[in-house]
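Before we start, here is the structure in question, set down as structure tokens.
The values are calculated or read from the model by the stated rules, or taken from the named source; none is laboratory data. Please read these numbers as outputs of a predicted model, since none were measured by experiment. Note that we place each Cβ from the backbone using ideal geometry, even for glycine, and neighbour counts take in every protein chain shown. Areas reflect the complete protein model, heavy atoms only, side chains present, ligands, DNA and RNA absent. Shrake-Rupley method; radii C 1.70, N 1.55, O 1.52, S 1.80 Å.
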Amino acid sequence: AAKAEGKGNFQFYAGAMSDALLHKLGIEQALRHAVKADEFLLHYQPRVDTRSGELRSMEALVRWQHPERGLVPPLEFISVAEDTGLIVELGALVLEKACSQLAEWRRMGLPLKPVSVNVSPRQFNSDNLVSTLTGALARHAIPADLVELEITESCMMSDTEKVSASLAKLKAIGVRISVDDFGTGYSSLSQLQQLDVDVLKVDRSFTRNLADGEQSQAFFMTIVSMAHILDMQVVAEGVETVEQLEILQDLSCNEVQGYLISKPVPANEAEQFLRKKLLFKAPGFLRLAAQN
Ligand code: C2E
Ligand code: MG
Ligand code: MG
Ligand code: MG
């Protein structure tokens with residue numbers, strides 16, 4: 001009976017595997033087509049100064065405009081793109097779109113703010129990244145300091161010497177570098193000290209716990225102090241409540257990003273952020289504005 005059961009389980013497992021595999025192959029094929037057909041677009045989420053609410057930069061987040069399925073979020077296709085290597089092409093497309101959007105905003109006479117672009121591990125480790133980046137910047141005459149590359153903590157901590165060399169090349173171009181999802185990887189203090197990065201983006205999971213108690217706040221405060229010692233700015237991701245914002249103001253976190261301020265929005269809405277200097281009327285910012 002045990003044997004039969006085992007066999008049954010195996011068949012079930014194999015069936016599930018092939019479903020997953022089929023699903024993945026389907027996505028892969030559709031993705032290849034989508035890259036050729038240029039079915040991707042960028043949404044932008046603002047990052048603002050924690051005290052004043054002033055716009056500091058915007059993060060470009062890719063969406064797939066699927067002809068039948070509508071707008072597909074990145075979590076449904078980035079990992080397949082990463083596994084199949086398609087991410088290198090897709091990533092180049094994203095860089096191109098971000099630079100082209102900056103150029104369009106400049107033509108409209110808007111005051112520009114830096115745009116940050118997510119770079120996947122495979123893209124970061126590819127030899128093309130530097131030339132793709134310099135190509136996109138040059139085609140649209142975008143100064144390198146208007147672009148920031150977000151690289152996840154886990155990607156940065158893989159092989160410190162190799163990563164340092166890659167970062168040095170990118171820094172030489174003049175782009176800014178941030179560590180994305182900080183706190184979810186396993187960086188050691190010595191690794192962090194060796195890496196030439198400008199910004200730590202503290203993962204949403206830490207922001208979420210902030211209102212739970214003093215320990216979470218002390219923990220966040222330690223990250224902020226450490227980052228400031230290393231001459232890095234700190235951004236809190238996933239800020240959803242005024243309470244979280246007010247705690248982050250007390251903790252001297254430099255910038256905040258999250259649904260409290262805005263969800264990621266299409267380019268024509270992001271344009272409105274650039275037009276107004278102090279657009280973010282979240283209660284926590286108003287309180288500060290009233291004090292000044
Ligand atoms: P990420 O870079 O950490 O981006 C933050 C994600 O959290 C975004 O999801 C954003 O919409 C969401 N978010 C922002 N504020 C809040 C909040 O207050 N609450 C909650 N619950 N969520 C919030 P999105 O746009 O679905 O992107 C998911 C991930 O996909 C990104 O995480 C990034 O790792 C990846 N991704 C997005 N665009 C690209 C891209 O162009 N290239 C690569 N390689 N990865 C990308
Ligand atoms: Mg990011
Ligand atoms: Mg992030
Ligand atoms: Mg994240």
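Looking at region 229-246, I want the residues that are farther than 18 Å from ARG176 by Cβ and have a partner that is polar (S, T, N, Q) with Cβ atoms under 7 Å, at least 6 apart or on another chain. Which pairs are those?
Going by the 7 Å Cβ cut-off, the qualifying pairs are GLY238/THR207; VAL239/THR207; VAL239/GLN257; GLN244/THR207.
Restricting to region 134-160, count the residues that are out of contact with any Ser or Thr (no Cβ under 6 Å at 6 or more places or on another chain) and within 21 Å of ALA267 (Cα to Cα).
So the answer is 11.
Name every residue in region 241-253 that is in a helix (DSSP H, G or I) and touching a strand residue (DSSP E or B) at 6+ places or on another chain (Cβ under 8 Å), in order of residue number. Walk me through how you get there before you give the answer.
To start, the set of residues in region 241-253 that are in a helix (DSSP H, G or I) comprises 242-250.
Passing the criteria: GLN244, LEU245, LEU248.
If we scan region 133-140, do we find a residue that is under 21 Å from LEU112 (Cα atoms), out of contact with any Pro (no Cβ under 7 Å at 6 or more places or on another chain), within 15 Å of ligand 4 (Cβ to nearest atom) and charged (D, E, K, R)? Walk me through it before giving the result.
First, the residues of region 133-140 that are under 21 Å from LEU112 (Cα atoms): 133-140.
If we keep only those that are out of contact with any Pro (no Cβ under 7 Å at 6 or more places or on another chain) too, we end up with 133-140.
Those still in the list that are within 15 Å of ligand 4 (Cβ to nearest atom) too: none.
The answer is no, given that none of the residues of region 133-140 is under 21 Å from LEU112 (Cα atoms), out of contact with any Pro (no Cβ under 7 Å at 6 or more places or on another chain), within 15 Å of ligand 4 (Cβ to nearest atom) and charged (D, E, K, R).
Mind checking which residues of region 17-58 are in a strand (DSSP E or B) and open to solvent by 40 Å² or more (accessible area, probe 1.4 Å)? Break it down stepwise before answering.
Going residue by residue through region 17-58, those that are in a strand (DSSP E or B) are 40-49, 55-58.
Those that are in a strand (DSSP E or B) and open to solvent by 40 Å² or more (accessible area, probe 1.4 Å): LEU41, ARG56.
Which count do you get for residues in region 245-260 that are away from ligand 4 (no atom under 16 Å from the Cβ) and surrounded by fewer than 23 Cβ atoms within 10 Å (Cβ to Cβ)?
Residues flagged as away from ligand 4 (no atom under 16 Å from the Cβ) and surrounded by fewer than 23 Cβ atoms within 10 Å (Cβ to Cβ) within region 245-260 amount to 8.
Next question, about the same structure. Against the condition over 19 Å from the mean Cα position of the chain (by Cα), farther than 22 Å from LEU200 by Cα and outside any helix (DSSP H, G or I), how does GLY109 come out, does it pass?
Taking the combined requirement at face value, the residue satisfies it.
Moving to a separate point now. Would you mind finding the one in THR50, THR84 that is touching a strand residue (DSSP E or B) at 6+ places or on another chain (Cβ under 6 Å), in contact (Cβ under 8 Å) with a residue 24 or more places away in the chain and among the β-branched types (Val, Ile, Thr)? Steps first, answer last, please.
Details: THR84 fails: touching a strand residue (DSSP E or B) at 6+ places or on another chain (Cβ under 6 Å).
The match here is THR50.
If a residue must be surrounded by fewer than 20 Cβ atoms within 10 Å (Cβ to Cβ) and more than 19 Å from the chain's Cα centre (by Cα), how many such residues does region 135-158 contain?
6
Which condition number does ILE177 fail, the rest of (1) within 16 Å of ligand 2 (Cβ to nearest atom); (2) open to solvent by 10 Å² or more (accessible area, probe 1.4 Å) being met?
Failing condition for ILE177: (2).
Counting just the residues of region 101-128 that are hydrophobic (A, V, I, L, M, F, W, C) and away from ligand 2 (no atom under 16 Å from the Cβ), which one comes out most open to solvent (accessible area, probe 1.4 Å)? Give the steps one after another, and end with the answer.
Step one: list which residues in region 101-128 are hydrophobic (A, V, I, L, M, F, W, C), which gives 102-103, 105, 108, 110, 112, 115, 117, 119, 124.
After this cut, where a residue has to be away from ligand 2 (no atom under 16 Å from the Cβ) as well, the list is 102-103, 105, 108, 110, 112.
On the way: LEU102: 1, ALA103: 5, TRP105: 3, MET108: 84, LEU110: 18, LEU112: 45 Å².
Top of the filtered list is MET108.
Exactly one of these conditions fails for GLU96: (1) of a type in the set (Asp, Glu); (2) away from ligand 4 (no atom under 16 Å from the Cβ); (3) surrounded by 15 or more Cβ atoms within 10 Å (Cβ to Cβ); (4) closer than 20 Å to MET156 by Cα. Give me its number.
Exception for GLU96: condition (4).
Here's something else I'd like to know. It is to be established whether one or more residues within region 207-220 are crowded, with 18+ Cβ neighbours inside 10 Å and among the basic types (Lys, Arg).
no
So in region 114-134, with the set limited to residues that are farther than 19 Å from LYS162 by Cα, within 12 Å of ligand 1 (Cβ to nearest atom) and not polar (S, T, N, Q), which one is farthest from the chain's Cα centre (by Cα)?
VAL115
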